[in-house]
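Derivation of every value follows stated rules applied to the coordinates shown; laboratory data play no part. Fair warning: this is a prediction, and the values are worked out from it, not measured in the lab. Cβ coordinates were reconstructed from backbone atoms using ideal geometry, including for glycine residues, and neighbour counts include every protein chain displayed.
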Amino acid sequence: MKVRDDGKIDLRLVSTTHKQAQELTDKVLYKLTQNGGKLALTDKSSPEQIYDAFGVSKKAFKQAIGALYKEKKIVITEQGLILVPAQASPN
């Protein structure tokens, strides 16, 4: 639990583990694949939209898409997430 400067409380009911974070990144990738490589959610989407789509907090979602972005698996645009095609390894 954390009390913010504005007096509001940040409370996490479930601790985020590495396994849970990996499951969320897998869910995001799966939804992207199912939707033709595009998803109309970003780090600017409302917490309600994110929860409706994935059942997680905005913070957890931002961490997941941040990890995918760093791994160069997605691109984040104003319109949403775009799946980066897998690169074939040179032989």
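For the chain, what relative contact order do you get, as a whole percent, if you take Cα pairs closer than 8 Å and at least 6 residues apart?
27
Hey, what did segment 39-91 get for relative contact order, percent, Cα under 8 Å, at least 6 apart?
Computed over segment 39-91, the figure is 36 percent.
Output the peptides 34-40, 50-56 sorted from most to least packed, where packing is the average of other Cβ atoms within 10 Å over each peptide's residues.
Packing order, densest peptide first, comes out as 50-56, 34-40.
With each pseudo-label sitting 7 Å past Cα toward Cβ, what's the D43-V3 distance in nm, one decimal?
Between D43 and V3, the label points sit 2.9 nm apart.
Go ahead and run the numbers for FRET between Q20 and K70, Cβ-Cβ distance against an R0 of 22 Å, rounding to 0.05. Intermediate results must be reported in sequence, preceding the final value.
Details: r = 18 Å, r/R0 = 0.82.
Given R0 = 22 Å and the Cβ-Cβ separation, E is 0.75.
Using a ≥ b ≥ c from the Cα gyration tensor of segment 23-77 (square roots of the eigenvalues), is it rounded, prolate or oblate, where a/c under 1.5 gives rounded and otherwise the larger of a/b and b/c decides, a/b for prolate? List each step's numbers first, then the result.
Values: a/c = 1.45, a/b = 1.24, b/c = 1.17.
Rounded, because the longest to shortest axis ratio a/c is under 1.5.
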